[in-house]
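Colleague: Let me give you the structure first, and then I'll get to my questions.
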Amino acid sequence: MASAFDQIMARKGEIMLRALGMDYGDFERSPIAFDYEGMMEAHGYSIDQIIAIQAAAGVGNTPLLELRNITDLVRSYSEPGHGARIFVKDEAANMAGSFKDRRASMSIHAAAEKGYAGVIAATSGNYGAAVASQAARHNLNCIICQEAFDSAHVGQPEIIEKSRICEAFGAEVVQMTVGPELFSHMLELLDETGYFAASLYSTFGISGIETLGYEVANEMMALTGAPPTHVVITHAGGGNTTGTARGLRRAGAHGTEVISASVDLSGLHMASDRDFNRKSFTTGHTGFGVPFATWPDRADVPRNAARALRYMDRYLTVTQGEVFYVTEALAKLEGLERGPAGNTAMAAAISLARDLPADATVVVQETEYTGAGKHHWAQLNFAREQGIEVRLGDPRENKPGTAIVIPEKPEQIRAIDFDLVRLRSSYVRNALSHAPEGYVPTADDIAFLAQDTNSDPEFVEKTIATLKEA
Amino acid sequence: MAVSNRCEQGEWVEVERVLLEPADRSPNLPPETAEKPLLLWSKGFATASAALGEELTVETMTGRSVTGRLSAINPGYTHTFGSPVPELSTVGRDLRARLATWRASQSAGE
């Protein structure tokens, strides 16, 4: 007999069709390829309409700040003529405190326009607060499902704070222990309530992030006369990279290098009841970043609108200790006290800027709010309580779940390039493994895979040939 | 005032329930997760008086009925910023000093 989990998952397609109000089947071209741009345009909102919707929602138009002290600090140990100018888009200034408001504002607008009575999202991150806040403004009911605790009912302070803020905005918060069944329960709730699925990965949400890249390009044009040479983006599920890169392109910033960055959490299992509270970051880490880059369609929608590999030129990883150090430095040197996870890209940018010429411009495109629990001190104190060693030293000695090593000086912040070829090959392997057995990819499939991995048909064909040999 | 272990009807409370027993859980979980039931906590207004640990139905903020064992009465939040982290305490002071030294050397060189 099928388990309760299997029974509800078997109805996923039917439940999501009603809960999204959109038939993804319209865009499928083969067991591998689909019409990505057609899907993205299907909601019918232009960038100007999205800007207007967000302005009415109190979202966007956040300050872009030049970080002169951080820039000079980096220059103090760079080779002569090096040390790029560093800027930050202060997304914490959005209503619910993060760039996720851009995502939520479009999902909630769509839900209200389509006449749903409420919205549901499964997220332990800032997106919950954003959905709850926007739902409150639209008088929509809101349920947020959170993976909040281990089986002993212990939760990281960062997630507890995210439960609190959702309740502050009037949402019903369903707190659960560790496991992917968060999504199966979300399906049950969608089925029970008939509410709209405010998925992180819908076309509405990702289109909502395009305004962020668009603003960055235009504001840098006004400030420096040119789009930024580099944009660094904290990467988890892929929406931040995808939306920002698409927005940059919309503004004509085709030459800007798009760099994703994640905290290295290698070695920790994302569905482990034991590892759950040993992750000192709850998002922006490789535990989401790598699997979502190599198989975006693992999401709760049939086709994920967030497809980070299409857009990333580089993928950098930083250590937990480096990000906590940078979070402290940002507060002390720039007067910007912000949440640690949002500073992942900041740590990567500080490493990157050192190797770039002084006339290069690096934009860190987000910050997130901070507060009790959602703070680097709270996270580090909690880590210690979990038996994790916290000490000063060389960040290379950082070991996720065992030791958080805080740099002794900023020169020690060195981001590491994740091998994009490995990510792309892994994506192609996943795409083939999700097609029916024996399916032979067509020329259209090859072209799609090349686009979806930001590579070329030769690379895809070579990868397929290698996989066949193996 | 003594802390009551009973809630009254209409009070804001939390209930705990087992959503999935281990046998009903997702396949391919690591063993330490697979052997545990999936637990869920929901908050809402008590539909009856009950003692901690007793079964109770609550009406949630969206008007749903959820039944579980009463686990908390008027549950709040106690998360904090925590104590200063000694490994970070000197970061601001030291970086500002470095910056000042470097800027002085730059203007001296001009």
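Colleague: If a residue must be at the interface with another protein chain (Cβ under 8 Å from one of its Cβ atoms) and either part of a helix (DSSP H, G or I) or surrounded by 23 or more Cβ atoms within 10 Å (Cβ to Cβ) (or both), how many such residues does the range A:150-162 contain?
Modeller: 3
Colleague: Shifting gears a bit: Please determine whether any residue of the range A:295-307 is within 29 Å of A:Ala360 (Cα to Cα) and part of a helix (DSSP H, G or I).
Modeller: Among the residues of the range A:295-307, not one is within 29 Å of A:Ala360 (Cα to Cα) and part of a helix (DSSP H, G or I), which makes the answer no.
Colleague: Name the residues in the range A:136-184 that are hydrophobic (A, V, I, L, M, F, W, C), under 21 Å from A:Ala197 (Cβ atoms) and without any contact (Cβ under 8 Å) to a residue 60 or more places away in the chain, would you?
Modeller: Of everything in the range A:136-184, those that are hydrophobic (A, V, I, L, M, F, W, C), under 21 Å from A:Ala197 (Cβ atoms) and without any contact (Cβ under 8 Å) to a residue 60 or more places away in the chain turn out to be A:Ala136, A:Leu140, A:Cys142, A:Ile143, A:Ile144, A:Cys145, A:Ala148, A:Cys166, A:Ala171, A:Val173, A:Val174, A:Met176.
Colleague: Could you look through the range B:34-51, keep only residues that are within 14 Å of another protein chain (Cβ to nearest Cβ) and not in a strand (DSSP E or B), and pick out the one that is surrounded by the most Cβ atoms within 10 Å (Cβ to Cβ)?
Modeller: In this case the residue turns out to be B:Lys36.
Colleague: Does A:Met106 count as surrounded by 23 or more Cβ atoms within 10 Å (Cβ to Cβ), among the hydrophobic types (A, V, I, L, M, F, W, C), within 21 Å of the chain's Cα centre (by Cα) and outside any strand (DSSP E or B)?
Modeller: Against the criterion (surrounded by 23 or more Cβ atoms within 10 Å (Cβ to Cβ), among the hydrophobic types (A, V, I, L, M, F, W, C), within 21 Å of the chain's Cα centre (by Cα) and outside any strand (DSSP E or B)), A:Met106 qualifies.
Colleague: Within the bounds of the range A:413-431, is there any residue that is assigned to a helix (DSSP H, G or I), among the β-branched types (Val, Ile, Thr), under 18 Å from A:Glu28 (Cβ atoms) and not assigned by TED's automatic domain parsing to the domain that holds A:Ser260?
Modeller: Looking for residues that are assigned to a helix (DSSP H, G or I), among the β-branched types (Val, Ile, Thr), under 18 Å from A:Glu28 (Cβ atoms) and not assigned by TED's automatic domain parsing to the domain that holds A:Ser260, one finds none in the range A:413-431, hence no.
Colleague: Ok, one more. Working carefully through the options A:Ile416, A:Ile406, find the one that is among the hydrophobic types (A, V, I, L, M, F, W, C), under 16 Å from A:Val318 (Cα atoms) and surrounded by fewer than 22 Cβ atoms within 10 Å (Cβ to Cβ).
Modeller: A:Ile416
Colleague: Further question on the same structure: Would you confirm whether any residue within the range B:16-31 is touching a Pro at 6+ places or on another chain (Cβ under 7 Å), in a strand (DSSP E or B), at negative phi and more than 9 Å from every other protein chain (Cβ to nearest Cβ)?
Modeller: Checked against the condition, which is being touching a Pro at 6+ places or on another chain (Cβ under 7 Å), in a strand (DSSP E or B), at negative phi and more than 9 Å from every other protein chain (Cβ to nearest Cβ), the range B:16-31 yields at least one hit.
Colleague: Now for a separate question. For the condition assigned by TED's automatic domain parsing to the domain that holds A:Thr286, under 20 Å from the mean Cα position of the chain (by Cα) and part of a helix (DSSP H, G or I), what is the one hit in A:Ala345, A:Ala353, A:Ala378?
Modeller: On inspection, the qualifying residue turns out to be A:Ala345.
Colleague: In the range B:52-74, what count of residues is obtained for those that are more than 10 Å from chain A (Cβ to nearest Cβ), farther than 12 Å from B:Gly10 by Cα and in a loop (DSSP other than H, G, I, E, B)?
Modeller: Final tally of qualifying residues: 3.
Colleague: Can you name every residue in the range A:371-406 that is out of contact with any strand residue (DSSP E or B) (no Cβ under 7 Å at 6 or more places or on another chain) and at the interface with another protein chain (Cβ under 9 Å from one of its Cβ atoms)?
Modeller: If the condition is that a residue be out of contact with any strand residue (DSSP E or B) (no Cβ under 7 Å at 6 or more places or on another chain) and at the interface with another protein chain (Cβ under 9 Å from one of its Cβ atoms), then A:Gly371, A:Ala372, A:Gly373, A:Lys374, A:His375, A:His376, A:Trp377, A:Ala378, A:Gln379, A:Asn381, A:Phe382 are the ones that fit.
Colleague: How many residues does the range A:112-127 hold that are away from chain B (no Cβ under 14 Å), buried (at least 23 other Cβ atoms within 10 Å of the Cβ) and either more than 17 Å from A:Gly58 (Cβ to Cβ) or among the acidic types (Asp, Glu) (or both)?
Modeller: 2
Colleague: Follow-up question, since we're still on this one. Out of the range B:1-15, which residues are within 14 Å of another protein chain (Cβ to nearest Cβ) and either part of a loop (DSSP other than H, G, I, E, B) or not aromatic (Phe, Trp, Tyr) (or both)?
Modeller: B:Val13, B:Glu14, B:Val15
Colleague: Would you check if there is a residue in the range A:269-279 being among the hydroxyl-bearing types (Ser, Thr, Tyr), within 27 Å of A:Pro407 (Cβ to Cβ) and touching a residue at least 12 places away in the same chain (Cβ under 8 Å)?
Modeller: No: zero hits.
Colleague: Looking at A:Ala222, is it more than 30 Å from A:Ala435 (Cα to Cα) and not in a helix (DSSP H, G or I)?
Modeller: Against the criterion (more than 30 Å from A:Ala435 (Cα to Cα) and not in a helix (DSSP H, G or I)), A:Ala222 does not qualify.
Colleague: Quick check: anything in the range A:190-204 acidic (Asp, Glu) and surrounded by fewer than 24 Cβ atoms within 10 Å (Cβ to Cβ)?
Modeller: Yes, that holds for at least one residue.
The values are calculated or read from the model by the stated rules, or taken from the named source; none is laboratory data. Source: prediction; values computed, not measured. Cβ atoms come from the backbone with ideal geometry, glycine included; neighbour counts cover every protein chain shown.
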